[in-house]
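Taking it in order: structure first as structure tokens, then the write-up.
The values are calculated or read from the model by the stated rules, or taken from the named source; none is laboratory data. Quick caveat, the model's predicted, so the values are computed rather than measured. Because the Cβ atoms are built from the backbone with ideal geometry, glycine has one as well, and the counts that use them run over all protein chains shown. For the accessible areas, the whole protein counts, side chains as well, though only heavy atoms, and no ligand, DNA or RNA atoms are used. Shrake-Rupley method; radii C 1.70, N 1.55, O 1.52, S 1.80 Å.
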Amino acid sequence: RQKHKNAPCLTVNDEPGNRWWHCNHPTCGWSGNLDLHDKFVRVQENSKMPKQIPSIYSQEVMEYWKKRGIDYRIAIKERVFEYMLGRKPIIGFPTYINNTLVNVMYLNIRWQPGDDGPKFWQLSKEHGTKIIPWGMQSLEFNDDELKQIIWTEGHVDRLTWMTAGYKNVISEPQGAPSVSAKDFRDKFAYTEDVYFKSVIADVELIIFSTDGDDPGRALRNNLSVIFGKERCKYINYPVGYKDINEVWKGDTKKNLPALGQEGVDECYQNLSSFPLKGIVRPQDVRDELEILANDGFTPGYGVGIPDIDERFTVKRKLVMGVTGIPSMGKSTWVRWLTTEITRTVKTEQIKWAFFSPENRPPSREQAKMAELLTHQSFKRGYKNSMTEDLRASTMRYIQEHFFFISPNKLNFETWSGKVNADRVNTIESLLQYLIYLKKTENIFGFVIDAWNKIDHEQPKHLTETAFISKQLDYIINFCDVYDLFCIIIAHPTKIEKIGINFRIPSLYDIKGSSAWFEKLDIGIAIHRYIYVKVPSNQLTDDSTEDDKVEIDNSAPTVVRVEKIKFEEIGSPGKFKMRMDISKGRSFQLISNDKKTPTPQPIKGALNPPKNKNNDDEVFGNNKDDSDGLPF
């Protein structure tokens, strides 16, 4: 009822492109967007939600709320409803944008382990649902207070905080991710939603109240990277308690007493910051300490050849530098190394990003990689050419595991105005691409080939050594925060000859000298002694000095591991390898002047099965072929 009898109760605007409604009652605030409402009409029709939310629930649902310690009046205020699925009462948690229903999460309160059907499920995507956190419409911030939210893993946890008197609580829309998940593209896709981003942009503090188990920690850790660790904190529960509802109400099966309001308040008052480089306390890295206590200091990933893996292995957060004079095969060897690690590692799906301006266009690099993976020619018409099916399956494998960053002045991302056409190959531009690939593809590492191809913006007041030192620190910190491994190929300065061959370069020979040796976790030099003297009996009287030396294209590749920062990942030393051009420029270890064979491509890949809908057959994951390529 309005104060003024002539004032309208409801205003509706039906202007195309600007259709909305608004209740004019001063204490109501009911409003919404008509276009949005029309878009999600099927969600409303299939939601099972009653037109009028009752003021009380059925006896069984009321008993459920009582058991969990939830004030049912808060559930009603949040429009939580119930309906009967057969004879089972189901609770529905509706998700809104303004006043438009966009999704529903359902809970079978009778569910027990071993029962048919899920405990939780969402309204089918076929009805046009949208996935966003539950409770965003209820957020209200006062101008005179810190804009903060509490982010829970489950819907009941959200109601628990609200029952305890806390406001501005939202719940993760799909629960925590699996700890063994390889790809988070779908899991956190909602963070790119326009509505979600518009709401979360103004939030100054996000407090994570996720479960105190591995999935719960994975959820909060991944989201803290997306939102920025500087505005995130998390709840620590008392020993033995998994979530805030257990703190509030206890758990008789676990013999955990209810800690009630005092316990919830204590959790809220003792928040932990996410670890930042330079400020790390034992409680910030207790997960890592627990792993070290169980497993010790473990090596990283290798190529599966013991004589090589004992020299170096690769791990997330580390930076490796590779140097060598031009035409010694640095890029070719790194291409081999990354494909071998990808093929060899079975515990996780390894993915790489390549920034390789020296190896443009990207199609050439992709074709070279296909030859390396298959040991066959990419070009049609040769005896050793790939079949059409093999080429297709190889390119699918490359597309899944390798990403090529190749912006140019006509084709680049501006990253919200941070990059223009004159800065497409700067460190800032490159790292933006890597952040995107980390969030969307969960890449393991990246390759910069070569360092001098980055447009370095060196201030005039810094020396070259000081500037490179700062740039390497930037890369190291980036890898630490985003949990990535990095390979940098860096050319040395002019190298002198010793006899007829160039000497093998050192990390100190790279431009910037000591910074490279000091900063890198792994330092490797690639070299070949390609010049040999022509026997005197093959020379003639008119032979020149140039005639006395020839190039030995079969000269082995010397891999010298010059620096290993952590003893568990390897030890300094060297080994020799031979590159086989006929097999896509693959490398084999030379031991006692004999070739130690590397795994061969699977025979089945030469004639893949015709059933392209069976991934196990098309990608060659049969038991007989377990030592070969993964397709």
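Helix 260-269 and the longest principal axis of the Cα set of the chain meet at an angle near 40°.
From most to least packed by mean Cβ count within 10 Å, the peptides 311-323, 473-485 give 311-323, 473-485. Within the shell of other residues whose beta carbon sits under 12 angstrom from the beta carbon of Thr463, the net charge comes to +2, with Lys and Arg scored +1 and Asp and Glu -1. Taking a ≥ b ≥ c as the square roots of the eigenvalues of the Cα gyration tensor, region 345-413 is oblate, since a/c reaches 1.5 or more and a/b is not larger than b/c. Answer rounded, prolate or oblate for region 104-252, using the Cα gyration tensor with square roots of eigenvalues a ≥ b ≥ c: rounded when a/c is under 1.5, else prolate when a/b is larger than b/c, else oblate. Note, shape of region 104-252 comes out rounded.
Judged by the ratio a/c of the largest to the smallest principal axis of the C-alpha gyration tensor, region 31-149 counts as oblate, that ratio being 1.5 or greater while a/b is no larger than b/c. Each helix, a run of at least 4 DSSP H residues, gives -39500 (n - 2.57); summed and divided by the residues of the chain, these come to -8000 deg cm²/dmol at 222 nm.
Ordering 255-262, 515-522 by mean Cβ neighbour count within 10 Å, with the highest value first, yields 515-522, 255-262. Residues Ser47, Ser124, Ser506, sorted by accessible area with the largest first, give Ser124, Ser506, Ser47 [1.4 Å probe; ligands and nucleic acids excluded]. Shown here for region 235-293: trypsin sites (Lys or Arg not before Pro) in loop regions (DSSP other than H, G, I, E, B) with at most 12 other Cβ atoms within 10 Å, namely Lys253, Lys254, Lys277.
The angle between the Cα long axis of helix 388-401 and the longest principal axis of the Cα atoms of the chain comes to about 60 degrees, rounded to the nearest 10.
Exceedance of the 25 Å cut-off in Cα-Cα distance is limited, within the set Lys233/Lys346; Lys330/Lys576; Lys233/Lys439; Lys379/Lys453, to Lys233/Lys346; Lys379/Lys453. Between region 370-388 and region 207-267, what's the alpha-carbon centroid distance in Å? The two parts, judged by their Cα centres, are 55 Å apart. Can you match P(r) over Cα pairs in 20 Å bins from 0, in percent to one of these, (1) 17, 37, 22, 19, 5, 0; (2) 15, 40, 31, 11, 2, 0; (3) 19, 52, 27, 2, based on a calculation from the structure here? So the calculated entry is the one marked (2). The aspartates and glutamates whose alpha-carbon is closer than 17 Å to the alpha-carbon of Lys253, local same-chain residues fewer than 8 away aside, are Asp243. Across the chain, Cα pairs under 8 Å and at least six residues apart give a relative contact order of 10 percent. Once all protein chains are placed together, Lys351 keeps about 10 Å² accessible to a 1.4 angstrom probe.
Structure shown: which of Lys51/Lys88; Lys494/Lys548; Lys147/Lys351; Lys470/Lys494 lie over 27 Å apart, alpha-carbon to alpha-carbon?
In this structure, Lys147/Lys351 exceed 27 Å between Cα atoms.
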